[in-house]
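Asker: Here it is, the structure in full.
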Amino acid sequence: MALFLVGAGMGATITPAMAAAYQGLPPAVMGQATSAINVAQRVAGAFGSALLAVVLQQATTARLPGFHGGIGQAGLLAAASPRAADALAEAFGVSFAVALAVTVLALVPTAMLPRGDDPPGTPRVLSRREA
């Protein structure tokens with residue numbers, strides 16, 4: 001169910017963001033823009049995955065005594081002790097909190113996307129009522 005909700009959310013946000021990004025481009029540069037966005041998505045996805053893997057590894061190492069390996073060893077330690085299971089759950093909680101923080105930071109530039117009535121390239125400033 002969670003993956004369904006993630007997919008639905010991404011589908012509902014990525015397509016309008018791409019449409020807004022391509023809206024003001026002349027057709028001659030559409031191919032270059034598509035390639036640039038694809039590269040940026042791949043690099044950002046790899047960077048984000050690596051970041052969260054490092055955060056999880058560090059959080060697990062800090063909270064789980066005797067942990068010196070991968071997630072398999074963490075699972076064995078957690079199965080052997082309820083305290084270790086709690087520590088592992090806490091480590092995953094830290095990595096999810098970091099993912100949430102990165103997501104919230106990524107939402108900041110969306111406030112600057114042009115509205116339908118703004119010419120492309122015009123930054124959007126929120127009024128006090130909208131903020």
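Asker: Give, as residue ranges, the helices (runs of 4 or more DSSP H) completely inside segment 1-101 that count at least 1 residues that are within 28 Å of residue 111 (Cα to Cα).
Answerer: Numbers: elements: 2-22, 30-63, 71-80.
Where helices (runs of 4 or more DSSP H) fall fully within segment 1-101 and carry at least 1 residues being within 28 Å of residue 111 (Cα to Cα), they are 2-22, 30-63.
Asker: Then there's this: From the list 55, 29, pick out the single residue that is surrounded by 11 or more Cβ atoms within 10 Å (Cβ to Cβ), within 23 Å of residue 95 (Cβ to Cβ), modelled with pLDDT of 85 or more and not polar (S, T, N, Q). First the steps, then the outcome.
Answerer: Numbers: 29 fails: within 23 Å of residue 95 (Cβ to Cβ).
Result: 55 is the single residue among 55, 29 that is surrounded by 11 or more Cβ atoms within 10 Å (Cβ to Cβ), within 23 Å of residue 95 (Cβ to Cβ), modelled with pLDDT of 85 or more and not polar (S, T, N, Q).
Asker: Still on this structure: State yes or no: is residue 66 exposed (fewer than 10 other Cβ atoms within 10 Å of the Cβ) and farther than 20 Å from residue 102 by Cα? Break it down stepwise before answering.
Answerer: On the way: exposed (fewer than 10 other Cβ atoms within 10 Å of the Cβ): no; farther than 20 Å from residue 102 by Cα: yes.
Here the answer is no, as residue 66 does not meet what is asked.
Asker: Say we look at segment 1-24 and pick out the residues that are surrounded by 13 or more Cβ atoms within 10 Å (Cβ to Cβ) and free of Cβ contacts under 8 Å to residues at least 24 places away in the same chain; which of these is farthest from the chain's Cα centre (by Cα)?
Answerer: Here the residue is 22.
Asker: Could you please give the count of residues in segment 25-69 that are in contact with a Leu (Cβ under 7 Å, 6 or more places away or on another chain) and free of Cβ contacts under 8 Å to residues at least 12 places away in the same chain? Spell out the reasoning first.
Answerer: Residues of segment 25-69 in contact with a Leu (Cβ under 7 Å, 6 or more places away or on another chain): 33, 60, 64, 66-67.
Pick out the ones that are also free of Cβ contacts under 8 Å to residues at least 12 places away in the same chain and you get 66-67.
Qualifying residue count, segment 25-69: 2.
The values are calculated or read from the model by the stated rules, or taken from the named source; none is laboratory data. The structure presented is a predicted model; accordingly, all values stated were derived computationally and were not measured. Please note: Cβ atoms are built from the backbone with ideal geometry, for glycine as well, and neighbour counts cover all protein chains shown.
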